[in-house]
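The values are calculated or read from the model by the stated rules, or taken from the named source; none is laboratory data. Source: prediction; values computed, not measured. Neighbour counts are summed over all protein chains in view; Cβ atoms, including those assigned to glycine, are modelled from backbone coordinates with ideal geometry. Only protein heavy atoms, including side chains, enter the accessible area calculation; ligands, DNA and RNA are left aside. Shrake-Rupley method; radii C 1.70, N 1.55, O 1.52, S 1.80 Å.
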Amino acid sequence: MKRLPEGLGPVITLDRRLSRPLHRQVYDGYRQAILDGRLRPGQRLPSTRTLARDLAVSRIPVITAFEQLTAEGYVDSRVGAGSFVSASLPDAAPAPRGKPPPKARPGPRHVPPSHLVSASEPWLDLRGPFRVSHPALDEFPADLWARLVARHARRMSPRHMMYGDPMGLPALREALAAHLGTVRSVACTAEQIMIVTGSQQALALSAQSLLVPGDPVWLEEPGYGGALDALTLAGARVVPVPVDREGLDVGAGIERAAEAKAAYVTPSHQYPLGVIMSAARRLQLLDWARRQGAWLFEDDYDSEYRYDGQPLASLYGMDDDERVLYVGTFSKVLFPALRVGYLVIPRDLVARFRRFRGAMDISTAPLHQAVLAEFISEGHFARHLRRMRGIYAERRRVLEDAIHREIGDGAEIVGDHAGMHVVLKLPKKARDREIAVRAAKRGISAIPLSSCYNGRRGEPGLILGYGSTHLAEIPSAVRRLAALLSD
Ligand SMILES: Cc1ncc(COP(=O)(O)O)c(C=O)c1O
């Protein structure tokens, strides 16, 4: 029979000064732990030898206590397998529970109100077709990835088990420097790249490293809730700046807060509207940042996916003054649970960011970094990207066709042919939050556009993701959505 590992015991304290014998104290401690639910039915107990050693007593009181617990039905002892908490307990043992509530009224507890974007909105419980930010996970080369993970896990030596470098694994940073230079015109060295735990951490780290509480920061409106949360966590005063057909309206930003210390932008594919920031606006933004001494947080979250023409150059590539912090992620191009992203840092800030990262969480786990470095350098990443571009382009085409056919003039598709979502603008009077809740009840996922506005009242619309929606389900899902819109 396979030997199970020994169990762990609850904390009990023995006091030799008490008149109560030691075996009784062990018995009481274990019985109470069982009745409290700290030890659960079926849970394995430590051996009497181990427990005697841990409690610094001879085995005799421990054996006596366990015999008593067994006789009373609290513990089952199986020869050769050890002792377990009985699956059927004598006293009506309460269900396992946490700490009991305090007997006296608790004193004041200083928990400030949360200003973070609520994760409990009904439409964020993403299910069914059109989930936003979900890539086609069933198209991911999972077997290949598993082989690479196994290979790297086997190679792990004690050196790999130590704290990682806050900047990340050199092999991955080298691979990324080459990739970004070629496809995103981000000319940087590996020394400037920090591997982060998703772009969310890149934004939080940039805000915490470069801002002090109360600093005004421009945020695109409508915009990305994750950026709003990261800035809010750093205590920034968020200044919503409208987005029009050319991207962030720099003139409006200057009117609202010319003195801002930073701006968050998604120039390659604005989230959520999908517009591309024009060259004129980019130059205007860089000029403002230069004059003001402000930082630009460029979130290039899905620029790999453009379905007509070449991907556009980054804002980073146009910046001669090292004002731009460039953020990228593998959440869309590989899978979100990977939690790997990257941050390209201006050279004079690298040491500062390294220190802040060390204080935050030290580093991203090295194992997946090593796997990813090999995935890129062996050409799997480029191959996967090419394949996925074809798949998403087709899903987008079928979705747009279905929207034109089923919804027609009832909504307008906005944004460029890129990324993994479309925005449907609804008529001015439409109540997009109610529609999104009704859609969720019918198994369709949609984020209301108005929920992406932080300042003024938002325009109504629906954000529909098509990354994980199969071609075959798109037409019927759009038909159900059209029915909902005409209710
Ligand atoms: C605008 C934007 N940035 C970044 C991300 C990805 O964030 P992360 O890398 O933390 O998963 C998303 C994902 O939905 C996004 O929409």
Item to check | Selection status of Val243, more than 21 Å from the chain's Cα centre (by Cα), away from the ligand (no atom under 16 Å from the Cβ), buried (at least 21 other Cβ atoms within 10 Å of the Cβ) and within 25 Å of Arg290 (Cβ to Cβ) | outcome: no
Checklist entry - What's the number of the condition Asp308 fails, among (1) open to solvent by 10 Å² or more (accessible area, probe 1.4 Å); (2) free of Cβ contacts under 8 Å to residues at least 40 places away in the same chain; (3) away from the ligand (no atom under 16 Å from the Cβ)? => result (2)
Checklist outcome for this item: When the stretch 407-419 is checked residue by residue, the ones that are open to solvent by less than 10 Å² (accessible area, probe 1.4 Å) and touching a Lys or Arg at 6+ places or on another chain (Cβ under 6 Å) are Ala418
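Here is a list: Leu424, Leu399. Which entry is of a type outside the set (D, E, K, R), part of a strand (DSSP E or B) and touching a residue at least 12 places away in the same chain (Cβ under 8 Å)?
Values: Leu399 fails: part of a strand (DSSP E or B).
The conditions single out Leu424.
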Next on the checklist: Looking for something away from the ligand (no atom under 16 Å from the Cβ) and under 19 Å from Ala187 (Cα atoms) - is there at least one such residue anywhere in the stretch 338-345?
Outcome noted: yes
Checklist entry - Hey, does the stretch 296-312 have a residue that's at pLDDT 95 or above, outside any loop (DSSP other than H, G, I, E, B) and hydrophobic (A, V, I, L, M, F, W, C)? => result yes
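Say whether the condition of being open to solvent by 10 Å² or more (accessible area, probe 1.4 Å), in a helix (DSSP H, G or I) and more than 20 Å from Pro216 (Cα to Cα) is met by at least one residue in the stretch 251-259. I'd like the intermediate steps shown before the answer.
Filtering the stretch 251-259 down to residues open to solvent by 10 Å² or more (accessible area, probe 1.4 Å) leaves 251-252, 254-256, 258-259.
After this cut, where a residue has to be in a helix (DSSP H, G or I) as well, the list is 251-252, 254-256.
Remaining after also requiring more than 20 Å from Pro216 (Cα to Cα): none.
Checked the stretch 251-259: no residue is open to solvent by 10 Å² or more (accessible area, probe 1.4 Å), in a helix (DSSP H, G or I) and more than 20 Å from Pro216 (Cα to Cα).
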Checklist outcome for this item: Within the stretch 16-29, residues outside any helix (DSSP H, G or I) and open to solvent by 70 Å² or more (accessible area, probe 1.4 Å) come out as Arg16, Arg17, Leu18, Ser19, Arg20
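So if I check each of Ala418, Ala440, Ala393, which one is under 27 Å from Asp300 (Cβ atoms), at pLDDT below 95 and hydrophobic (A, V, I, L, M, F, W, C)? Spell out how you get there, then give the answer.
Working: Ala440 fails: under 27 Å from Asp300 (Cβ atoms); Ala393 fails: at pLDDT below 95.
Residue meeting the stated conditions: Ala418.
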Next on the checklist: Please count how many residues of the stretch 315-331 are closer than 24 Å to Ser278 by Cα and within 10 Å of the ligand (Cβ to nearest atom).
Outcome noted: 3
Item to check | Those residues of the stretch 125-165 which are assigned to a helix (DSSP H, G or I), farther than 14 Å from Ala337 by Cβ, open to solvent by less than 50 Å² (accessible area, probe 1.4 Å) and in contact with a Leu (Cβ under 8 Å, 6 or more places away or on another chain), in sequence order | outcome: His152, Ala153
Item to check | Selection count, the stretch 428-453, where residues are surrounded by fewer than 18 Cβ atoms within 10 Å (Cβ to Cβ) and assigned to a loop (DSSP other than H, G, I, E, B) | outcome: 6
Item to check | Members of the stretch 208-229 found to be within 14 Å of the ligand (Cβ to nearest atom) and open to solvent by less than 20 Å² (accessible area, probe 1.4 Å), listed by number | outcome: Leu219, Glu220, Glu221, Pro222, Gly223, Gly226, Ala227
Checklist entry - Just checking, how many residues over the stretch 337-384 are among the charged types (D, E, K, R), surrounded by fewer than 21 Cβ atoms within 10 Å (Cβ to Cβ) and in contact with a Pro (Cβ under 7 Å, 6 or more places away or on another chain)? => result 1
Next on the checklist: So in the stretch 74-94, with the set limited to residues that are over 23 Å from Thr64 (Cβ atoms) and open to solvent by 70 Å² or more (accessible area, probe 1.4 Å), which one is modelled with the highest pLDDT?
Outcome noted: Ala87
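Name the one entry in Tyr271, Tyr264 that is of a type in the set (Phe, Trp, Tyr), closer than 16 Å to Gly455 by Cβ and in contact (Cβ under 8 Å) with a residue 40 or more places away in the chain.
Working: Tyr271 fails: closer than 16 Å to Gly455 by Cβ.
Just a single option satisfies the conditions, and that option is Tyr264.
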Checklist entry - Do the conditions hold for Tyr326, that is, is it hydroxyl-bearing (Ser, Thr, Tyr), open to solvent by less than 10 Å² (accessible area, probe 1.4 Å), closer than 13 Å to Pro267 by Cβ and at pLDDT 95 or above? => result yes
Next on the checklist: List the residue pairs whose Cβ atoms are under 7 Å apart, where the first residue sits in the stretch 30-41 and is surrounded by 15 or more Cβ atoms within 10 Å (Cβ to Cβ), the second is in a helix (DSSP H, G or I), and the two are 6 or more positions apart or on different chains.
Outcome noted: Tyr30/Ala65; Tyr30/Leu69; Arg31/Leu69; Leu39/Ala33
Item to check | Residue in the stretch 178-207 that is nearest to the ligand (Cβ to nearest atom), counting only those that are open to solvent by 20 Å² or more (accessible area, probe 1.4 Å) and among the hydroxyl-bearing types (Ser, Thr, Tyr) | outcome: Thr197
